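**Student:** My questions will all concern the structure given below.
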Amino acid sequence: IGPNGSGKSTLLKMIGGIIQPDDGVVETRGRLAALLELGAGFHPDLTGRENVFLNGALLGIPRQVTQTRMDRILDFAEVNQFIDTPVKYYSSGMYVRLAFAVAINLEPNILIVDEVLAVGDEAFQEKCLQHMEQFVARGGTLLFVSHNYELYPRLCTDILWLDHGVQRYSGKDIEQCVAAFKATY
């Protein structure tokens, strides 16, 4: 949690291996899937289907395994009629649907979600939230950033408040942290 410009997305990009820290080391264990920016990880000239395979390959998943999960991905994303269209023609909602479906169905150990669900429709957002709850309940690690502060108690067991690169709070008292943050900003 934190105001815009506080370093939340930068931290998630470091954890996701997209950028390197100026100092120190970031270590993760397990397969990581990141939904950091709309369209990140998708090649605009490839079709939705081709991008599913590309993302699977980037996660180290054999093509055959990705193929066996394709029906689950399409069922979750609900973009079946557009799967063979280049993603540069997708709406932002379609992008998010496919990206989230790929990320969760390729079974990561760590799932990073940075504000991307804000563009989806309400029914799809709820579907994603329920899946993230199940993911955490199964022992997955969720790193979650949103300006919808009511979601933190629902999805998180710990919270980190960043304020322009400075840690203001880290711990388990999510509701108190959110209240203090809202009172500050």
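**Student:** Ranking request for peptides 14-24, 99-109, 171-181: highest mean number of other beta-carbon atoms within 10 Å first, then the rest in descending order.
**Tutor:** Put in order of decreasing packing, that is 99-109, 171-181, 14-24.
**Student:** Measure nothing fancy, just the Cα-based angle from helix 92-105's long axis to the longest principal axis of the chain, in degrees from 0 to 90, nearest 10.
**Tutor:** With rounding to tens, the tilt is 90 degrees.
**Student:** Here's something else I'd like to know. Leaving out ligands, DNA and RNA, what percent of the accessible area of region 7-146 is carbon and sulfur, probe 1.4 Å?
**Tutor:** 49
**Student:** In Å², and per residue, what accessible area does the chain have when probed at 1.4 Å with the other protein chains present?
**Tutor:** Value returned for the chain: 54 Å² of accessible area per residue.
**Student:** Net charge within 12 Å of F76 by Cβ-Cβ distance, Lys/Arg positive one each and Asp/Glu negative one each, not counting F76 itself?
**Tutor:** Neighbourhood net charge equals +1.
**Student:** Output ³J(HN,Hα) for region 24-34: one whole-Hz value per residue in order, computed from phi by the Karplus curve 6.51 cos²θ - 1.76 cosθ + 1.60 with θ = phi - 60°, and x for Gly and Pro.
**Tutor:** x, 9, 10, 10, 10, 10, x, 7, 10, 10, 10
The values are calculated or read from the model by the stated rules, or taken from the named source; none is laboratory data. Predicted model only: the values in this text are computed from it and were never measured. Don't worry about glycine lacking a Cβ; one is built from the backbone with ideal geometry, like all the others, and counts go over all protein chains shown. SASA here: full protein model, heavy atoms, side chains in, ligands and nucleic acids out. Shrake-Rupley method; radii C 1.70, N 1.55, O 1.52, S 1.80 Å.
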